[in-house]
Structure formats: C-alpha cells, structure tokens
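Engineer: Okay, handing you the structure first.
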Amino acid sequence: MADFLQTLMTALAIGSLYALIALGYTMVYGVLKFINFAHSDIVVLGAWLSYSFAIRALPLVGLDAHNPATPPPIWMTAGIFVAVLLLCSLAGFLIERLAYRPLRRAPRLNVLITAIGVSLLLQNVGQLDFVFGASPQKMPALLPNWELPIQFGQGESIRYVVLPLIDCIIFAVSGLLMLALELLIFRTKFGTALRAVSFNTDFAALMGIPVDRAISLTFMLGSALAGAAGFLYVLKFPSMNQPAHSVWVLLGLKAFVAAVVGGIGNIRGAVLGGFIIAFVEQFGAYYISSNYRDVYVFSLLILILLIKPTGLLGSPVREKV
Amino acid sequence: MPTCFATSDSESCIPLTRDKTPTRLTKRTISLRQFLRLSKVVGIFLVAATSLMSLGCQSRVASTDEIVIGHFGSITGSEATFGISTDRGIQLAIEEVNAAGGVNGKKVRLITYDDKGDPREAGSAVTRLVTRDQVTAVLGEVASGLSLAAAPICQENGVPMISPSSTNPKVTQVGDMIYRVCFIDPFQGSVCAKFARENDKIKATKAAILCDQTAPYSVGLQEEFEKAFTAGGGTIVSKQAYQAGDQDFSAQLTSIRASEPEVIFIPGYYTDVGNIALQARKLGLKVPMLGGDGWDSAKLGQIAGDALNGCYYSNHYSHEDPSPRVQNFIKLYQGKYQETPDGLAALGYDAARILFTAMKTAPSLSGKDIAAELAKTTGFEGVTGVISMDANRNPVKPAVILEMKDGTPRYVATIAPGE
C-alpha cells in the first residue's frame, strides 16, 4: 500500500511535467500540422536558464550560489520562474519567426527537417563554453526541502510514504498553467482566433484573423509552458545533464508520445496523455521490471496507434481528396 | 489500417490548393531557385573553407625527433572527471620522461581529444588520432563502453592502445594491440561480493542490484557480482536497471525498498550514483550501498554529500597507502595540480609509464614492436600496484576497498587476487 502510494505520487508529479511539455507539441501540431522537434530543446533552455539565473541571483541575497544554506526568499524564486517563462517564449517566437515562417508555403517535410536542424543547433550551441557549457551542474535549491512522511502499518512492517513539497508544487503549478491555457483557448477572443486558424488557416485569414500573429502566439505559449516544465524539472531533479545529453531528447520524446496518445492537436488529450504515460512508466517500472521502462511507453504508443490512430481524444480526420 | 501519420500525410496535401489562394500567410518566402542559388554559394564557401583547413593541417606532420601519442577521454560530460584526471596523470608521466631526456632521445608529445563520454565521439576521436595525427600509440578510455568503441579502430590500424581503467574483460579481447593497466571485472565483482558477505558492518545475505543497462561496464560488473554473491550462498532479492543520465530513480528504489535487502550494489558511474544515493535516502532506504571503480571521483562526494556515509566501493589505489611509490606520486601530482589524485589519475600515469618503458626497449617504434614489448611487461612497479601482463593482456593486481565518510573516500582494506 505504502509503495503503491509512493509510486502514485511520483507518477502524478512526472505526469504533470510530461503534460506541460506535451501541450507545446500538440498546440503547434494543431495549428501548423507539423511536429516541432525543437520543442524539447526549449525545455532544456528553461532548465539551464533557471540554473544560470539562480547562481547569479542567490549571491544578491547573501547566499552561496551553488549550495545555499537556506532557500532564497519566495519572490526571488518566483522572479526566476517568470524570467524563464518570458525568455523561453521569446525563444519560441524567434524560432518560429526565423526558421519556420520562411517555410510556411513549403511542403511539411521541409519544415519537419528544419525542426530537427533547429533542435540540433540549439543543443550544440547550448554546449558551448560561453553558453551553458558541456558539463553537468547541480541546481541550487530554490525551495525549502520540506517533506511530509505519512506512516503506514505498525511495528515491524512500518513503512513511510514520503511526500516532498516539490511534488505538490509541480502538481499545483502545472495544474494552474493548464487551467489558464484552457481558459485562454476556450474562453477568450484570442483563443477563438487560434481555434479558427487550427480549423482552417485560409478561411481564418479570409475572416480577418491575423494568422501569423496567432501562430507566433501559439509558439510563445507552448514555449512558455516548456520553460515552466524545465524550471520545475530541475527543481525536482537538481542534478542537471549537459544540454546535448540524450536524456533530454528522451524526455521530449516521451512528452511527444503523450501528445500522440492523447490525440495530437487536442489540448485536453495532451494532459491526459501526459498522465497516462507517466503512470505506465512508473507502475510498469515498479510492478513489472525497471529494465523495460521505455518499452512500456512506446508499446503503449504502438497499441494506441493500432486501435485508435487519432489518439484517445483526437477527432477522426476525414480524408480530403 | 490508416495510421495517425498516414492521415497527417494526406493533410499535408492541402498546401497545393493553398498556393493558389494568395493569403497573408505568404508574406516572405524564397523560391526553390533562390534556395538552390543560396545553397550553391554556401556550398562553394564550405568547400573552400574545408580545403583551406586541411591544407593547414597538412603542414602539421609529426617531426622525426618527437614521438606523438594520443589520448581520448571524457574531458566534458557526465564523466568529465574521468578524462580530466587521466589526462593529468598522463601529462605528469610525459613531463617526467621528457625531463629525463625523453624516450631514446626523442621528446614525447601528447594530443588529447574530448569524446564527451559518447561512444560515437570516441570512435571519431580515435580515428582522427590514428589516421590524421598518426600517433605512435593511443591511451584511453576509462569507461569500458568507450574503449570498446575505439579498440577495433586501433586494432585494425595496428596502433597499440592501452586503456588505463576499462575493467570489462571484452576490451582486451578485441585483439593483440589492446592492453590495459587495471584489473578486470570478474575479479572486481568477486571482491565486492566477498566484501558484502564478510565485512562486519554489512554481513549481507540479501543484496539488491541497481545497474546502468546502457553501460557495458555496469552490466558486466553486475553479472560478476551476482555470480560471486550467489556462489557464496547469498541471494539477489531485487534486480533493477536505469539508463545513464536518468534523473528519476523512485520506481526502482521503491521496488528495492519493498524487497528489503541488506546491501545495494550499484555498479554505475559517479554522477548517477550520487543522484541514486540522494533519492534512496529520501525514500528512507538506509542500508549500505556498494559499488565499483566507477564511483571514483571527487564529484561523487560533492553530489551526494553525507547520503553516502557508510557506503563502500572497490578501487585501484588509495591515496592513504603509505608506500613510497604512492606517496611520491601524490607529492608530484599535488605539486602540479594542487589536488589529491584519484585512482584514474594514478592509472593514467601508470599507463603512460608502461608505454614509455615498452617504447624504450622495443627494437623500433612500429605498432607491432611496441605491442610485443607491452606483452612482455612483468613486475612493473606502478602506483596502482605491481603490473604483469597475463596471456590475455590483462594485469593481475589487488583491489582496495574504500569507505565514503562525509564525502571523502577512506581506506578500508586491500583484497589480492586468489584470496
């Protein structure tokens, strides 16, 4: 029971992160019908920007940059978070403006290959010495290291479920961001415009919707969410890999699988998919074998593609002639 | 059955119709012709640049009054201290031999390439050393997976390669050009198993294993530990795996916690081990952890802090060894780098010195002659022990067990082969 709860809580926290990243994939796909492979690199950017800001901001309040004795004041943590969101959305805007917009009329394959190119470029630029460097770093703690141990059983068979504060924060912050996105897309004028562009770009343009602006905003929103995921990810896992490490690619890939499983192009589907992927991964690793962690995730993808090719919440696409 | 990608493909046909309707979507594009013209210009520029660069390199032919040796190692990346320490050890040995007049009157020059801890990079680094720089011999790598990637290249080109610290037996099985100066994993695994069963503080009969399934080193060492531990009457209660660079170990550790082991064997590299230790203690796993020489880095203590207190690993040498050959080396190393050498620095130093000794006695500096001399190495007094090559080009030498105390490794015991 205790182990089940522990696994459940990890799955919820990791599922929130997958969902945040998956949203970016799904939004871009919904509007432009291509897969933005550079999206996982925005997560890396968010993670490493958090680190760069943290080590520069901590000395300002008299704390050791790499090993602060106490966490910094909460306004500083929040400030770093907001700065990361802003810079990541700026990066998303620039990537779209410089790499994808010139190819707007090109076949989808060209854009897809460009996306891979942008991804490689970002990874390798990130490894340069004057950017983030090619060595792993340890993220200083920005939040108090509180944990809530819940006791199970008595005497000999006593077990603890440890609920760390960071897991709760990840869950809460991701939940809030997803709620905000939901409201933005289904309750505002901008959201209506975005959905119109996603439905049919040409007709949206004919209706006077500024298509380019809508697409830019999509990228900025998706990248901000990815930046948030990067920030939360390094708070939970403070030992950071270098920007071009394959672990980051795998993280992005799993979030992409989450988007496909949930139904790519569907916002609620991405959130659902994120949690499903995390549950399959965590419970599979706990109950079956940790040797096949990734196998569970990708087997699920194959299964979903066979049974419901459009994903769980995806609407069937009519073949157009 | 149509798949998701098939439908998205048919979706991608839409642009054909879109092209006919001028919309605001198409503000700035370049035509195919423009693109081709652009790529031609870029192409010509690239060709010119590369030919200039290769011209520049041609002038760097090795002169005859020096011997060039190559080192490939992870100077950056998750295992960066491995490459950096080894390189420093090698540099020290080169300085020493050059100060004493070089090898048969020729100065030794080192070329080091960073492989970033990536097997593909290791392959291209060694290819570059062997074909472009034409080195006489190659030193490297620490991680067995990377040595395995490079060894066939050295073997094919007839360049002797000495791995300072790859312990997987398969490395030297590649061929008669490949040597090493460290012990191998069947021995290391049995040392760890013996220690886990017999040490007073552990006395374990139930062990769990957490292994890096992407590293040949880790998988090999795990198998040897399991063999030795079960042969001694112990049981392996849980076998879990992770992948190098993983951040989240909670599923594996929760599962290990449920199996109630008395010791956890983690044959991984230090960055991952540090993260595992932190998360294990958070989950309330208090049993001692045990590992191999992959733990040997000053970074381990920095990452894990006191989470590793009371944990042990096997290594090639201890800086607390009072013997003069160890203490002299430490004094030299500290004089140059202002830090205490780890086992990898000592092995890099030994590897380079064994190579120079072989070069001095070899009739010529051809790969074959050096390799033949290396095979004859017996009773070489290295910092990490007395090295004699066996028929499989592996030295037979003792291992030490170190205990982590507040982030620094302290000497516990020496275990010799056959004990």
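The values are calculated or read from the model by the stated rules, or taken from the named source; none is laboratory data. Everything quoted here is computed from the prediction, not taken from an experiment. Methodologically, a virtual Cβ is constructed for each residue, glycine included, from the backbone with ideal geometry; neighbour enumeration extends over all protein chains shown. Side chains included, ligands, DNA and RNA excluded: accessible areas come from the protein's heavy atoms. Shrake-Rupley method; radii C 1.70, N 1.55, O 1.52, S 1.80 Å.
Engineer: All but one of (1) away from every other protein chain (no Cβ under 12 Å); (2) surrounded by 13 or more Cβ atoms within 10 Å (Cβ to Cβ); (3) touching a Ser or Thr at 6+ places or on another chain (Cβ under 9 Å) hold for A:PRO140; which doesn't?
Structural biologist: The single condition A:PRO140 does not satisfy is (3).
Engineer: Anything in region B:396-416 that is within 20 Å of B:SER323 (Cα to Cα) and open to solvent by less than 40 Å² (accessible area, probe 1.4 Å)? List them, or say none.
Structural biologist: Matches in region B:396-416: B:LYS397, B:ALA399, B:VAL400, B:ILE401, B:LEU402, B:GLU403, B:PRO409, B:ALA413, B:ILE415, B:ALA416.
Engineer: Among the residues of region B:366-389, which ones are surrounded by 15 or more Cβ atoms within 10 Å (Cβ to Cβ) and assigned to a loop (DSSP other than H, G, I, E, B)?
Structural biologist: Once the filter is applied, which keeps residues that are surrounded by 15 or more Cβ atoms within 10 Å (Cβ to Cβ) and assigned to a loop (DSSP other than H, G, I, E, B), region B:366-389 yields B:THR377, B:VAL383, B:THR384.
Engineer: So, one more: Restricting to region A:58-84, name every residue that is of a type in the set (Gly, Ala, Ser) and either more than 23 Å from A:SER174 (Cβ to Cβ) or in contact (Cβ under 8 Å) with a residue 24 or more places away in the chain (or both).
Structural biologist: A:GLY62, A:ALA65, A:ALA69, A:ALA83
Engineer: While we're here: How do the pairs read when you match residues in region B:212-228 that are without any contact (Cβ under 8 Å) to a residue 40 or more places away in the chain with residues anywhere that are open to solvent by less than 20 Å² (accessible area, probe 1.4 Å) and of a type in the set (Val, Ile, Thr), using Cβ under 9 Å and keeping only pairs 6 or more apart or on different chains?
Structural biologist: Cβ pairs passing all conditions: B:GLU226/B:ILE209; B:ALA228/B:VAL191.
Engineer: Taking the criterion of being assigned to a strand (DSSP E or B) and either buried (at least 20 other Cβ atoms within 10 Å of the Cβ) or more than 14 Å from chain A (Cβ to nearest Cβ) (or both), would at least one residue in region B:290-302 satisfy it?
Structural biologist: Yes, region B:290-302 contains at least one residue that is assigned to a strand (DSSP E or B) and either buried (at least 20 other Cβ atoms within 10 Å of the Cβ) or more than 14 Å from chain A (Cβ to nearest Cβ) (or both).
Engineer: Just give me the residues in region B:346-357 being in contact (Cβ under 8 Å) with a residue 24 or more places away in the chain and of a type outside the set (Lys, Arg), in sequence order.
Structural biologist: Within region B:346-357, B:ALA346, B:LEU347, B:GLY348, B:TYR349, B:ASP350, B:ALA351, B:ALA352, B:ILE354, B:LEU355, B:PHE356 meet the criteria.
Engineer: On to the next question. Restricting attention to region A:45-76, which residues are farther than 23 Å from B:GLN302 by Cα and either over 23 Å from the mean Cα position of the chain (by Cα) or open to solvent by 10 Å² or more (accessible area, probe 1.4 Å) (or both)?
Structural biologist: Of everything in region A:45-76, those that are farther than 23 Å from B:GLN302 by Cα and either over 23 Å from the mean Cα position of the chain (by Cα) or open to solvent by 10 Å² or more (accessible area, probe 1.4 Å) (or both) turn out to be A:LEU45, A:LEU60, A:VAL61, A:PRO73, A:ILE74, A:TRP75, A:MET76.
Engineer: Hey, can you tell me all the residues within region A:275-300 that are crowded, with 18+ Cβ neighbours inside 10 Å, touching a residue at least 60 places away in the same chain (Cβ under 8 Å) and at the interface with another protein chain (Cβ under 9 Å from one of its Cβ atoms)?
Structural biologist: Passing the criteria: A:GLU281, A:GLN282, A:TYR286.
Engineer: Tell me, please, whether a residue that is more than 25 Å from the chain's Cα centre (by Cα), within 30 Å of B:ARG281 (Cβ to Cβ) and of a type in the set (A, V, I, L, M) can be found in region A:168-182.
Structural biologist: no
Engineer: Shifting gears a bit: For B:GLY101, are the conditions met, namely being closer than 17 Å to B:SER166 by Cβ and open to solvent by less than 60 Å² (accessible area, probe 1.4 Å)?
Structural biologist: For B:GLY101, the condition - closer than 17 Å to B:SER166 by Cβ and open to solvent by less than 60 Å² (accessible area, probe 1.4 Å) - is not met.
Engineer: Quick test of your reading of the structure: A:SER89 fulfils all but one of (1) among the hydroxyl-bearing types (Ser, Thr, Tyr); (2) at pLDDT 95 or above; (3) open to solvent by 40 Å² or more (accessible area, probe 1.4 Å). Name the failing condition by number.
Structural biologist: Going through the list (1) among the hydroxyl-bearing types (Ser, Thr, Tyr); (2) at pLDDT 95 or above; (3) open to solvent by 40 Å² or more (accessible area, probe 1.4 Å), A:SER89 breaks only (3).
Engineer: If I filter region A:93-131 down to residues being closer than 30 Å to B:TYR270 by Cβ and open to solvent by less than 40 Å² (accessible area, probe 1.4 Å), which single residue comes out as farthest from the other protein chains (Cβ to nearest Cβ)?
Structural biologist: Looking at residues that are closer than 30 Å to B:TYR270 by Cβ and open to solvent by less than 40 Å² (accessible area, probe 1.4 Å), I get A:SER119.
The rows are residues; the columns are (1) aliphatic (A, V, I, L, M); (2) assigned by the TED database to the domain that holds B:HIS71; (3) buried (at least 16 other Cβ atoms within 10 Å of the Cβ); (4) assigned to a helix (DSSP H, G or I).
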position	(1), (2), (3), (4)
B:ASN328	no, yes, no, yes
B:GLY335	no, yes, no, yes
B:GLU339	no, yes, no, no
B:TYR349	no, yes, yes, yes
B:PHE356	no, yes, yes, yes
B:SER364	no, yes, no, no
B:ALA391	yes, yes, no, no
B:GLY418	no, no, no, no
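Per-residue answers, yes or no, for (1) in contact with a helix residue (DSSP H, G or I) (Cβ under 7 Å, 6 or more places away or on another chain); (2) assigned to a helix (DSSP H, G or I); (3) closer than 20 Å to A:ASN241 by Cα:
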position	(1), (2), (3)
A:ASP3	yes, yes, no
A:ILE14	yes, yes, yes
A:ALA19	yes, yes, no
A:ASP41	yes, yes, yes
A:ILE55	no, yes, yes
A:HIS66	yes, no, yes
A:PRO72	yes, no, no
A:LEU87	yes, yes, no
A:LEU112	no, yes, no
